Structure formats: structure tokens, C-alpha cells
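Below is one structure, written out as C-alpha cells; comments come after it.
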Amino acid sequence: MSRPSRRLAAVATLAVGAGGVLLGQASGPAAAAPAVGTRTPAATSPQTLDAVDTYTGLTFTVPAGRNDLGQPQTCTIDADLYKPRSASATNRVPAILTTNGFGGSKDDQAGLGRAFAQRGYAVLSYTGLGFPDSGCKISLDDPGVDGVAASSLVTFLGGGSTAAYQSGDVGGTPAGPGALSVDFTKLDDPATHDPRLGMIGGSYGGQIQFATAATDSRVDTLVPLITWNDLRYSLAPNNTSFTSGVTYADDNPGTEKIGWAGLFFGIGILDGIQGTAIDPTRNVGCPNFVLEACTAKATLDTLGYPTSDTYRLTDRVSVAHYIDKVKTPTLLIQGQNDTLFNLQESVATYDSLKARGVPVSLVWQSWGHSGGANGNSGAAPGELDLTGQHIEDTYLGQRIKDWFDHYLKDAKTPTGPGFSYFRDWISYSGNAAPAYATAASYPVGTFRTFYLSGAGDLVDNRKAVRTGSTSWAGPGLGAPASYSEVSGLEGRVDLPPNLTTPYDTPGTFGAWTTAALGTPTTIVGSPKLTVRFDSPAVALTQKTGPAGRLQVFAKLYDVAPDGSQTLVHKLISPVRVADVTQPVSIELPGIVHRVEAGHRLRLVLASTDAAYKNSYAVQPVTVRTSPLAPPALTVPVVR
């Protein structure tokens, strides 16, 4: 039995457009299309679209690895199948498999299912494990659990199994209990029930694609949106001590992202309560999560950082740690407005795939998990609509359709540029294509270097650096003195502007500011800072463990001529410094942002942030500047 998707304003439910609920986006029906502005005539008129048969309430019982006790488990999966009416054993079509984002269900892909079935694809939309109305616990897209379960659905789409359907519509006619066999999908190998198959979905519905492709080589292409590379970084980031991509060294852990981590678990537990009738065992022990997840959350809440036990879980469920098994062409789409899974995560995945020769394209779209301008989340006008006849009228809709057509229909359709990114300062009407800049690959542009100087300047000439120092200290006791965002609330709940404007309390941060820029400057990518901190107190405690090490929160403001400042998409970079007696390299948030002429850039290093676990020690610290060895900030600039 299927049900309408639940929308929980209090826990920031999930949004639209990519055919899946995307954790932390706007409230409202996920199947509704984002606003697409003034449209040009549809590239494919409604009269040319295929009629669709819809099979609802399909129930699968599939093997899904092992449970918390190490025993083999089977799980119930709730699904819907969308079939082009013209598809048959003599007119076979490729298939698409899609599932929900965290906290959603198969219903969130209803629009996508019908839209792509109208365009000649069989689409199977299913509710992921641990979410109503599917059984078992949430395993965080574990390849050995969620990936194994999805593999059975691949076999079904290849004609290798049947599913009992309970109720619903079959071509508009109510259907009673029975069985459904798939004999209308294009097969690459009938002997192995290998369908020509692509996957699409966002957030949690994005990572499952990597988990499935790593488990099952029959998957032909992927379109993951706004998903993670390494969950240790997503939920407890450290923007230094990187060993590869965004994976940091085990012995220098990050800092818990308390808002997102709390929201994440709150939604999952509520789903378990609501799904008790489907699988009562979901609420035994760790409520609706595998036991390791509850242990990891308790560790984060107690210590404020992950441990080796946490890494065993996050490594297992993160593509960063099994990417050598993923050989599937991937259209990787990440959101610029996303404090949960940021742009750095997409770069890490993109670089890893590209280095191994896997066909991959990277898109940085306007929207992500975080609240948008004036509280409006979702795609920009003309950017994305996967829910109906206007797919081809939007930039990303056309890119995704072209990608699937190329890899699944053997069409001559180009797959588009290797890298593209949305520019919110470009005016356009209709399709958002004019707002997207393109390049053959990432990165783009060149680095412009600024030097920290004196007691608060950023200069672009090393000869202009003056000797000086800037000092600050945190309030201690874990209290925040700086604010960037309230995860899960902004963009969904009407909050007074004074409660959502980023701020830093004097005396608890250091800041360095450029002179007014003479020409507009476009930043695309992650600035990098090389700096040395002086903190004798921390030098004495850092060897006692992570809690004794210096915490810093780095960010870059755009300062207008009137003195007002903007923190781009409220993105910041938490840092735990392994050794304050040595220089440290810090990666600042990846952004796409135009700094207008007359504006200034301001680098801020804060002692705390309200969205994260903060140090219980006061941690006084000084940054010194001199012409001999000035700290340097390099900014990726596109001319």
C-alpha cells in the first residue's frame, strides 16, 4: 500500500524536481515542479508523448545483506512501475530505477516516473529500506544492504523475477492481487537478466546509485544529485588534514555538524514509528537505524567528533571508500546552496571518477539542501523540471534526458560539457541555459593570491605586507559566539531577519579585509588559506587528543560599500588543527559568486559557530603577519 508523502515542516522535509525527496529542502509536494519562469514552446508537445500504464503498490521481498545480529535478512520493498504503453516484447525500451531522498517515499518520484515513461523509458520507483512502506532499518545506503536490495530490482527490470501487486491502477483499470512480469525492457544480456538501465535520484537517492553500481555491474549510467562523497566529512567536517578528496586523517577528526545530524536522526526515527505496521523490528534496539548509526550519533553528541568506530560505518556507506568499484558513466549534479553536502564533496567524487577514466560530467546547480533567497528553496526558473511535459524546456531537464538518451538509447545525442555552473547574477527568460557557464572540465580559471597583513588587511602584493598580529579567543564551555545558519529551519520557517543574519562576536574572531575591488571578480571553486597559529595554551593540550586541539571556523564575506556583508549561501569551513606549532592549509567553502566592483573580500577565522560542536576550552590564539612569511589566501577566479 502506498501513501502520500509526508511533509514535516518541523523537521524540514524534503523537496522537488530531481524525482526524489531531497533532505532539508522546501516543504510542499515533492512531485510538484519547481517554478520554471516564462517558458519557450515545449520541445516535445504533449500530443507526441507516449501513453503510460501505471502499476502501483508492487511489493517485493528481497535479500538485503545482514542485520544487526549478523544474520541474513530479507526486506519488503514498496514500488510503482511506469510503463510506456507502446512498450512490448517486440518493442523493448530502456529502464530507469529511482528511489527517494531521506524521509521520503516512492511517491516523490511519481512525476518523474510518468514523464520518462512518456519519453520511452520503463521507470521503477521504490521506497528505500527503512522508510514507509518498505521494511528493515535504515542502513545509510550501505552497498552490502541497500545495494544488494536494489540489485534484485535490477533483476526484476531484466525480466528475471515477478512481483505481487496488491492494488492500484493498471492502465487506469483497478487490479486485484496477481503477478507482474517484465518482458518489455531492452536487454544487454538475457541470460543474466541485464536490462539497459540508468538510475536517478537526489541526496539519499543519489548515494544509493553508487552503492548499487558498486554491487551490480548491470547498471549502465547514473545521475546522482546533491549527495555525499564521504559521510565522515558531511556530518563532522574538517577542512584540513585531507588524505584524499574530502577524507581527512583518522587521527585528526572533524567537528559535529549538530543541526544536520540531529535533523537526520529525527526524521529517521519518526519514519520508524510510522512504519511499525510494515516491520515492527525497525524499532527494536536502535530505533529504525542500524546499531552502528546510533552508536556513531552518541559518540558525536558526547565527544563532538567521530572515532574509529564511527569511521567503520561512514567509510562503508560512502562512495569515497569504494569508488574503485564504480565504473559507470555519471552525470554528477551538486547544489551551490547546500550546507549539508557541499560542492567540495562533488569535486572529490568527480576527481576520483575522472582519474580512473570513468566518463563523468559535473554540474553545479543553483539549489541544494539549504534554504534559498527570501526563504524560497528549489530550482531557479527554467533550471529543472522532471515531472511532466516541460523537461526539455529546462536546462538540467534537457541535460538529464540527453544523458539518458545517449547511454540508454544509443542516441547520437551529445552529453554536454564536462563542467557547468549556475551564475545567479545573469538575467534571462525561460530556459536557464544562459545562466550556466560551461567548460571542458573542472577546475576553471586561475588563482589570485592575497596576503594577510598588519592587524586586519588583505593585500594582493607581497611587498605591501606589514608586520602585525590579530588575536582572539572563544567563550569556552562549548558556547557559540558566531552564527552562520540554523540547519533545517531557514527557508522553511518564517524567522525574523535578525535571527538569520550571520554574525561574529567581537573578540572571538580574526578578520582581514581587502581594499575595494576595482573590477568585478568571479569566484568559482574553493579558496585556500595557508596560515600559522600561535597558541601556547593549545600547544600544551593538543597531544591529549582531539578535544585539546584548536578549533577554527573559516569563511569568506562579500562586503558592500555600505559595510553590509554577505556570507555566500552561509557556507563555512570548520577546522581542527592537528598541530598549532606548524603551518596549516585550510580549504574554504566551494562557491560560485560574483564580487562586484567597489566591494571588498573579508576573510574571517572564528573560534566557534552555532551550527557545530564548539570547544569547551577558551583557546586564545594569535595570527602574526610579516613580509618574510605572510599567511596567504588564494582565490580561484574566472576572468
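Laboratory data are not the source of any read-out in this text; all were calculated from the coordinates shown. Owing to the predicted nature of the structure, the values given are computational and were not obtained by experimental measurement. Counting neighbours? That spans all protein chains shown, and the Cβs are built from the backbone with ideal geometry, glycine included.
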Could you work out the relative contact order of the chain? I mean the mean sequence separation of Cα pairs under 8 Å and 6+ apart, divided by the number of residues, in percent. 15 percent
If you rank S366, S88 by fewest surrounding Cβ atoms within 10 Å, what's the result? S88, S366
Note, Y451: beta-carbon cut-off 11 Å, +1 each Lys/Arg, -1 each Asp/Glu, net +1
Please turn the phi angles of region 579-591 into ³J(HN,Hα) values with the Karplus equation 6.51 cos²θ - 1.76 cosθ + 1.60 (θ = phi - 60°), one per residue in order, whole Hz, x for glycine and proline. 8, 6, 8, 10, x, 10, 9, 10, 9, 7, x, x, 9
Taking the Cα centre of region 446-638 as origin, work out the dipole magnitude from +1 charges on Lys and Arg Cβ and -1 charges on Asp and Glu Cβ, in debye rounded to 20. 540 debye
Note, region 355-362: 3J(HN,Hα) by Karplus (6.51, -1.76, 1.60, θ = phi - 60°), whole Hz, Gly/Pro = x, goes 4, 9, x, 7, x, 8, 10, 10
Roughly what % antiparallel, to the nearest 5, for the DSSP beta bridges in the chain? 75 percent
By counting other Cβ atoms within 10 Å of each Cβ, how are C294, C75 ranked from fewest to most? C294, C75
Quick shape check on region 306-372: root eigenvalues a ≥ b ≥ c of the Cα gyration tensor, a/c under 1.5 is rounded, otherwise prolate if a/b tops b/c, else oblate, and it reads oblate
Filtering trypsin sites (Lys or Arg not before Pro) in region 378-436 by DSSP loop and by at most 14 other Cβ atoms within 10 Å leaves K412
Among beta bridges assigned by DSSP with both residues in region 446-638, the antiparallel ones amount in percent, to the nearest 5, to 100 percent
Exposure proxy check: C286, C136 ranked by fewest other beta carbons within 10 Å? C286, C136
Of 560-569, 356-365, ordering from highest average Cβ density within 10 Å down gives 356-365, 560-569
Sort 390-398, 616-624, 97-105 by packing, meaning the average of other beta carbons within 10 Å per residue, with the highest value first. 97-105, 390-398, 616-624
Relative contact order for region 472-604: what percent, with Cα pairs under 8 Å and sequence separation of 6 or more? 34 percent
Taking the Cα atoms of region 60-142, report the difference between the largest and smallest coordinate on each principal axis, in whole Å and largest first. 47, 26, 17
Pull out the extension gain between T449 and A464, defined as 0.36 nm times the separation in residues minus the alpha carbon to alpha carbon distance; nm, one decimal. 4.1 nm
Residues of region 344-373 with amide nitrogen under 16 Å from the 7 Å Cα-to-Cβ point of A560? 373
Farthest toward positive dipole pole in region 9-439 [+1 Lys/Arg, -1 Asp/Glu at C-beta], among C286, A211, C75: A211
Can you tell which of S125, L331, V347 lies farthest toward the positive end of the dipole of region 9-439, using +1 and -1 charges on the Cβ of basic and acidic side chains (Lys, Arg; Asp, Glu)? L331
Using a Debye calculation, one point per C-alpha and no hydration shell, please list log10 I(q)/I(0) for region 487-639 at q = 0.12, 0.16, 0.18 Å⁻¹ in order. -0.57, -0.98, -1.19
As I understand it, the value is the acute angle between the Cα axis of helix 291-303 and the longest principal axis of the Cα atoms of the chain; what does it come to in degrees, rounded to 10? 20 degrees
Region 221-312 -> Rg/Rh from Cα coords, Kirkwood Rh, value 1.03
³J(HN,Hα) computed for each position of region 106-116 - Karplus, 6.51 cos²θ - 1.76 cosθ + 1.60, integer Hz, glycine/proline x: 4, 4, 5, 9, 4, x, 4, x, 5, 4, 7
For peptides 427-439, 457-469, sequence by mean Cβ density within 10 Å, most packed first: 427-439, 457-469
Please give me the summed charge of the neighbours of Y436: other residues whose Cβ is under 13 Å from its Cβ, Lys and Arg +1, Asp and Glu -1. 0
Alpha carbon convex hull of the chain, projected area averaged over orientations, nm²: 27.4 nm²
What residues have an amide H closer than 5 Å to that of I138, excluding those fewer than 5 places away on the same chain, when H is modeled at 1.01 Å from N in the peptide plane? F289, V290
Place +1 on the Cβ of every Lys and Arg and -1 on the Cβ of every Asp and Glu in the chain, take the dipole about the Cα centre, and give the residue among A411, P536, L384 whose Cα lies farthest towards its positive end. P536
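Using the crude model of +1 on Lys and Arg Cβ and -1 on Asp and Glu Cβ, and no other charge, please compute the dipole size for the chain relative to its Cα centre, in debye to 20.
1140 debye
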